[in-house]
Amino acid sequence: MAQLPILRYPDPRLRNVARPVQAVDARLRALIGDMFETMYQAKGIGLAATQVDVHERLIVIDVSDERDQRLVLINPELLWAGDELVKHDEGCLSLPEIYEGIERPAAVRVRALDEQGNSREIEADGLLAVCIQHEMDHLMGKVFVDYLSPLKRNRIKTRLLKAEREDSRARERRP
Ligand code: GNR
Ligand code: NI
């Protein structure tokens, strides 16, 4: 297993639209293992393949406190979203230290293949519903700050680019 580098906003590769996974095979299972390792190491609750520069429709999730409830969604399709909207504070491993309230449907139903290649339907609410929608957005090249006003989004972009510059200067000083 290996940890993979996570793309940081505003990297243009986060805008790529993912293609469907063609086969649930050994290559894909190795990638799934690497994505879980990367997600757990970064203390995230979800990770879309887009964020590790793989543009295929693959998501890993674990919203449990014990970090032992792995969920894999391959080629997910949104079947239904409820009318009720809820606002939840969201963060993203591609936008470190940025948290904003985002309104989304409170409950969703999705169909996806699991790690064995079997088709499953999942109905989710609460944090899992938020996470599934956040990850499915990544597969479409969308990030949560796209729901904010252009002014707010530009402030966040400036803040992240500044943090990135300071990071790389610190790396230069002690390599
Ligand atoms: O770790 C994450 N936490 C989180 C919190 C609220 C709403 C969504 C998320 S997903 C995020 C990991 C991530 O960036 N997934 O793409
Ligand atoms: Ni994210």
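Compute the Cα gyration tensor for the chain, then decide on rounded, prolate or oblate, letting a ≥ b ≥ c be the square roots of its eigenvalues: rounded whenever a/c is under 1.5, prolate when a/b is larger than b/c in the other cases, and oblate in all that remain. Oblate is the answer for the chain, as a/c is 1.5 or above yet b/c matches or exceeds a/b. Largest accessible area first, the residues Leu85, Leu14 order themselves as Leu85, Leu14 under a 1.4 Å probe with ligands, DNA and RNA left out.
State whether region 115-166 is rounded, prolate or oblate according to the following rule on the C-alpha gyration tensor (a ≥ b ≥ c being the square roots of its eigenvalues): a/c under 1.5 gives rounded; otherwise a/b larger than b/c gives prolate, and the remaining case gives oblate. Judged from the Cα gyration tensor, region 115-166 comes out prolate (a/c at least 1.5, a/b above b/c).
State whether region 1-92 is rounded, prolate or oblate according to the following rule on the C-alpha gyration tensor (a ≥ b ≥ c being the square roots of its eigenvalues): a/c under 1.5 gives rounded; otherwise a/b larger than b/c gives prolate, and the remaining case gives oblate.
rounded
Between Arg153, Arg19, Arg165, the residue with the greatest mean-square fluctuation in the GNM of the chain (Cα pairs under 10 Å linked by springs) is Arg165.
Based on DSSP H runs of at least 4 residues, each adding -39500 (n - 2.57), what is the mean residue ellipticity at 222 nm of the chain after dividing by all its residues, to the nearest 500 deg cm²/dmol?
Working: 3 runs with 54 residues, N = 175.
Rounded to the nearest 500, it is -10500 deg cm²/dmol.
On full extension, the segment bounded by Lys157 and Gln41 gains 39.3 nm, given 0.36 nm per residue less the C-alpha separation. With all protein chains in place and a 1.4 Å probe, the accessible surface of region 33-168 carries 46 percent carbon and sulfur. Distance between the C-alpha centres of region 115-143 and region 1-56: 14 Å, rounded to the whole angstrom.
What percent do you get for the relative contact order of region 1-115 when only Cα pairs under 8 Å and 6+ apart count?
25
Per residue, the solvent-accessible area of the chain (1.4 Å probe, heavy atoms of protein chains only, all protein chains present) comes to 56 Å².
Each of Ala26, Ala129, Tyr9 was scored by the projection of its Cα onto the charge dipole of the chain, and the greatest displacement toward the positive side belongs to Tyr9; charges sit on the C-beta of Lys, Arg, Asp and Glu.
The values are calculated or read from the model by the stated rules, or taken from the named source; none is laboratory data. The model shown is predicted, which means the values in this text are computed figures rather than measured ones. A quick note on method: Cβ atoms are made from the backbone with ideal geometry, for glycine too, and the neighbour counts reach across all protein chains shown. For accessibility, only protein heavy atoms count, side chains too; no ligands or nucleic acids. Shrake-Rupley method; radii C 1.70, N 1.55, O 1.52, S 1.80 Å.
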